[in-house]
Every structure is written in structure tokens, then in C-alpha cells.
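Below is one structure; the comments refer to it alone.
The values are calculated or read from the model by the stated rules, or taken from the named source; none is laboratory data. Worth saying up front: this structure is predicted, and the values here are computed from it rather than measured. Virtual Cβ from ideal backbone geometry, glycine too; neighbours counted across all protein chains shown. Areas reflect the complete protein model, heavy atoms only, side chains present, ligands, DNA and RNA absent. Shrake-Rupley method; radii C 1.70, N 1.55, O 1.52, S 1.80 Å.
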Amino acid sequence: FAVVSGSTCGLVPCSSIKVALPYSLGFDADRGGIRDGAGVGTGFTYLDPPASGNGYQPSLLAVDRAAGALRISTTSGLAVRSLNNLVNALGVGFDAPGGLTRIRTTVVSPPAGTGNFEQGGLWFGTDQDHYVKLVVLSTTAGPKVEFVYEAGGVYAGQFQSSVTSLAGKRVVLQIEA
């Protein structure tokens, strides 16, 4: 995670960003951390700030405790090369173990999207110029699963895989580093 000078590191005190491993997020209760639009804690402890502004739009986040889900509405922003205007890039900080680090999420019944590159999934890195991501992506050719590796604001690798339909499905995404 990025180190920000002062007593806070974005939305929470710096001392609250790191979590103990293993760490699992469930959305059936208030988990503290960064809050959704209704003030319910998502359990995320860090928000990767974009190039300008703080990147936090709580009205686009909704913890659905009954369904045990976090619903995130998208905006037109994204973290790509020099654009870096993604909002609500939620994360947690942790001391990476000396061996394998595995992060995983499940995207439940992703919407078809408009073909304007809406996406949701995982990111692992230090900021919007140094990361890997694995996402479900809406493209003009239909849904895809995309992996991107960006270093120093430059794509170092990218892979897209076509899929037929994701409506009503559970898509498990996992990154191992």
C-alpha cells in the first residue's frame, strides 16, 4: 500500500490499514473499515487513490447484509497507464509472507454491462501504476476475463479470454503471487 504522510493514509488511520493473515471478508455484518453509502463498514481498510481526488464515492458502495454481498456501482474511471481516475479501488494492506500470497474473490451474477469496459474483480499492487489485476470485463465483443500487469504506468502484460455469458453465474477470480 502507499504511504501517505500525516496521521491518516486516506480514509482510515495508517495503523488500521494492515490486516492479519489469513483475512477473509464477509458482507453479512458491519466489518468496520471503509464505509458504504449507508455507513456500514465493508471490511476494506485501504482505497487506492487516483491521480486527483481521493477516489472515494460511498454512494456507489452498498453492503447487502441479508445476501452477504457487497454491491459496487461503476463509474467511467479506471486505472490504466496515465489515466488513473478509478474510484472505489478498495483493498487491504498486509505484510506479504515469504512464500505464496493468494487473493481471491467471487463475482456473483455479473451484469452484461454496456460494452464500455465496466469491470470488477481483483487488484494486487502498490498503486494505480504498479499492479496486477484480474477482472470480469464488459467489452463491445461481449464479456471477457482480463489479466493486466502494469509497471511504472506501462502495460507489461495483458491477456483477455472470451467467455460466452456470465449472467446468473458465480465467477471465482484468484491471483497468486
Scanning the stretch 157-176 residue by residue, those open to solvent by less than 90 Å² (accessible area, probe 1.4 Å) and either polar (S, T, N, Q) or more than 11 Å from residue 136 (Cβ to Cβ) (or both) turn out to be 157, 160, 161, 162, 165, 167, 168, 174, 175
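Yes/no matrix, rows are residues, columns are (1) under 20 Å from residue 147 (Cα atoms); (2) surrounded by fewer than 21 Cβ atoms within 10 Å (Cβ to Cβ); (3) touching a Ser or Thr at 6+ places or on another chain (Cβ under 8 Å):
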site	(1), (2), (3)
31	no, yes, yes
34	no, no, yes
38	no, yes, no
49	no, no, no
52	no, yes, no
55	no, no, no
63	no, no, yes
77	yes, yes, no
96	no, yes, no
Of the residues in the stretch 98-110, those that are within 15 Å of the chain's Cα centre (by Cα), polar (S, T, N, Q) and either surrounded by 13 or more Cβ atoms within 10 Å (Cβ to Cβ) or at pLDDT below 85 (or both) come to 105
inquiry  = Whether any residue in the stretch 43-55 is closer than 21 Å to residue 165 by Cα, in a loop (DSSP other than H, G, I, E, B) and among the β-branched types (Val, Ile, Thr) is what I want to check.
reply    = no
Considering the stretch 149-172, residues that are touching a residue at least 60 places away in the same chain (Cβ under 8 Å) and either assigned to a loop (DSSP other than H, G, I, E, B) or under 21 Å from residue 50 (Cβ atoms) (or both), and then whichever is nearest to the chain's Cα centre (by Cα), we arrive at 150
Q. In this structure, does residue 149 turn out to be open to solvent by 60 Å² or more (accessible area, probe 1.4 Å) and touching a Gly at 6+ places or on another chain (Cβ under 6 Å)?
A. yes
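Okay, residues lined up against (1) in contact with a Lys or Arg (Cβ under 8 Å, 6 or more places away or on another chain); (2) without any contact (Cβ under 8 Å) to a residue 60 or more places away in the chain; (3) among the charged types (D, E, K, R):
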{"site": "43", "(1), (2), (3)": "yes, yes, no"}
{"site": "56", "(1), (2), (3)": "no, yes, no"}
{"site": "109", "(1), (2), (3)": "yes, no, no"}
{"site": "130", "(1), (2), (3)": "no, yes, no"}
Next item on the list: Inspect the stretch 111-121 for any residue being open to solvent by 30 Å² or more (accessible area, probe 1.4 Å), more than 22 Å from residue 71 (Cα to Cα) and not aromatic (Phe, Trp, Tyr) and give the result as yes or no.
Entry: no
Residue 87 vs (1) surrounded by fewer than 17 Cβ atoms within 10 Å (Cβ to Cβ); (2) at pLDDT below 85: all pass except (1)
For the stretch 13-28 the number of residues that are touching a Cys at 6+ places or on another chain (Cβ under 8 Å) and polar (S, T, N, Q) is 0
